[in-house]
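The values are calculated or read from the model by the stated rules, or taken from the named source; none is laboratory data. Note that the structure is a prediction, hence the values are computed from the model and not measured. A quick note on method: Cβ atoms are made from the backbone with ideal geometry, for glycine too, and the neighbour counts reach across all protein chains shown.
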Amino acid sequence: MTKEETNNDGKNVSATIKTVDIAYENEKLKETNKAQQTQIDLLKKQLQSANDVLNADIRARKINEIIKVSDYTVEDLDKVGIQELDEVLATLRMAKRSFKSVNDLGKTVNPAASMDDLYAPWKKTK
């Protein structure tokens, strides 16, 4: 080593400078990492909020569809999860429907009319 590379204590000046530079860069990277982590946390919260809105919309649509074709109430369906709503919808879709329609009753369309209501006029005339 030459005299220029060492100080009066005999320590390597260039190594000391490199260590200081590395420590400074490390602190800058830590600050950048902290700012990025804060932004990631904010984006995760926004994503969770958007997912909650979408899940609520999906639940509402499924509940509305079930109520149209069954005797379930909103209170009954509000307690179950999306998977159970899907199962109820699948069961209702597989149920066999009558060839007669609710319009045959001569009344306004009632989606909650039962099978007995469809044949009620014929039962009464006999």
*asked:* Being in contact with a helix residue (DSSP H, G or I) (Cβ under 8 Å, 6 or more places away or on another chain) and without any contact (Cβ under 8 Å) to a residue 24 or more places away in the chain is the filter here; which residues of region 56-69 pass it?
replied: ILE63, ILE67
*Single condition GLN83 does not satisfy, out of (1) under 26 Å from the mean Cα position of the chain (by Cα); (2) at pLDDT below 90*: (2)
